[in-house]
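**Q** Sending over a structure as structure tokens; questions will come in a sec.
The values are calculated or read from the model by the stated rules, or taken from the named source; none is laboratory data. Predicted model only: the values in this text are computed from it and were never measured. Note that each Cβ is placed from the backbone with ideal geometry, even for glycine, and that neighbours are counted across all protein chains shown. Heads up: the accessible areas ignore ligands, DNA and RNA and are worked out on the full protein's heavy atoms, side chains in. Shrake-Rupley method; radii C 1.70, N 1.55, O 1.52, S 1.80 Å.
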Amino acid sequence: MADPPEPLPSEPDVDDVTRAVLIASRLLVAVSVRSLATVQDRVTLPQFRLLKALSAQGGAKLVSLAERLGVNPSTATRMVDRLIAAGLAERGVNPGNRRETVLRLTEGGRTLVADVSAARRREITSIVQRLAPEQRTALVDALTAFTEAGGERPMPGDDGEPYPLGWSDTAIPLH
């Protein structure tokens, strides 16, 4: 008599997938926090978000930065003032409209962003290298589908990150 067929593995339900994503997001947040630990005496997480936004844009007006980060312009002004005092950002004249002020990273700001981003990339690379090739393929497929379902769209950048630490340019202000 033939062996009975192997039962098909049950597909995970929405709760199982949600739980797995929440656990993975906890790991990714921990990686981000560890990458910022070396500069935590110089910048806060919100300030780093602003630096990443400036890095991605190359320069921006304060109002557009505030909108992108989902904060009040007055909050963005205080953050920028602290970053300027720390030598990480600077105000300059917009060459296209000399009446406008544009914010840019200084060399120190670019170095800080690059160092933190490199640390995060190294740690994530270390984790991914522990996966078997077929797991990597499945992870790319799953994460691509997940980000598409969430409406996140890729944006060109030097480190391949869509937006600074995942905040999109369509964030709803929290005030």
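**Q** Could you work out how far apart the two model spin labels at ARG110 and ARG91 are, taking each label as a point 7 Å from the Cα in the direction of the beta carbon, and quote it in nm?
**A** 2.3 nm
**Q** Treating the beta-carbon of each Lys and Arg as +1 and of each Asp and Glu as -1, no other charges, what is the dipole magnitude of the stretch 13-94 about its Cα centre, to the nearest 20 debye? Write down the numbers at each step before the final one.
**A** On the way: 11 positive and 7 negative charges, 66 e Å.
Charge dipole, the stretch 13-94, about its Cα centre: 320 debye, nearest 20.
**Q** Using amide H atoms built in the peptide plane, which far-off residues or other-chain residues are under 5 Å from LYS61 H to H?
**A** Counting only residues 5 or more places away or on other chains, the set is LEU103.
**Q** Of the GluC sites (Glu not before Pro) in the stretch 5-106, which ones lie in a loop per DSSP and count no more than 16 other C-beta atoms within 10 Å? Before the final figure, lay out the partial values.
**A** Details: sites: GLU67, GLU90, GLU100; in loops: none.
Of the GluC sites (Glu not before Pro), not one in the loops of the stretch 5-106 has a Cβ with at most 16 other Cβ atoms within 10 Å.
**Q** Let me ask another. In percent, how large is the relative contact order of the stretch 6-124, given Cα pairs closer than 8 Å and 6 or more residues apart?
**A** 28 percent
**Q** Just order 59-66, 26-33, 45-52 by mean Cβ neighbour count inside 10 Å, highest at the front, would you?
**A** 45-52, 59-66, 26-33
**Q** Assuming R0 = 41 Å, what is the FRET efficiency of THR77 and SER10, from their Cβ-Cβ distance, to the nearest 0.05?
**A** Once rounded, the FRET efficiency stands at 0.15.
**Q** Taking the solvent-accessible surface of protein heavy atoms with a 1.4 Å probe, what is the per residue accessible area of the stretch 68-159 in Å²?
**A** 65 Å²
**Q** Short version: ³J(HN,Hα) in whole Hz for each residue of the stretch 106-114, in order, from phi by Karplus 6.51 cos²θ - 1.76 cosθ + 1.60 (θ = phi - 60°), x for Gly and Pro, what are they?
**A** Taking θ as phi minus 60°, the curve returns 7, 4, x, x, 5, 5, 4, 4, 5 Hz for the stretch 106-114.
**Q** Let me ask you something else. At 1.4 Å probe size, what's the solvent-accessible area of LEU143? Round to the nearest 10 Å².
**A** About 90 Å², rounded to the nearest 10.
**Q** Right, here's the next one. Between GLU100 and THR147, what length in nm is gained on full extension when 0.36 nm per residue of separation is reduced by their alpha carbon distance?
**A** Working: separation 47, 0.36 × 47 = 16.92 nm, distance 3.56 nm.
13.4 nm is the gain from fully extending GLU100 to THR147.
**Q** In addition: Which residue, chosen from VAL128, ASN97, LEU54, occupies the Cα position most advanced towards the positive end of the dipole of the stretch 16-168, where the dipole is computed from +1 (Lys, Arg) and -1 (Asp, Glu) charges on Cβ about the Cα centre?
**A** Checking the options against the dipole of the stretch 16-168, the answer is ASN97.
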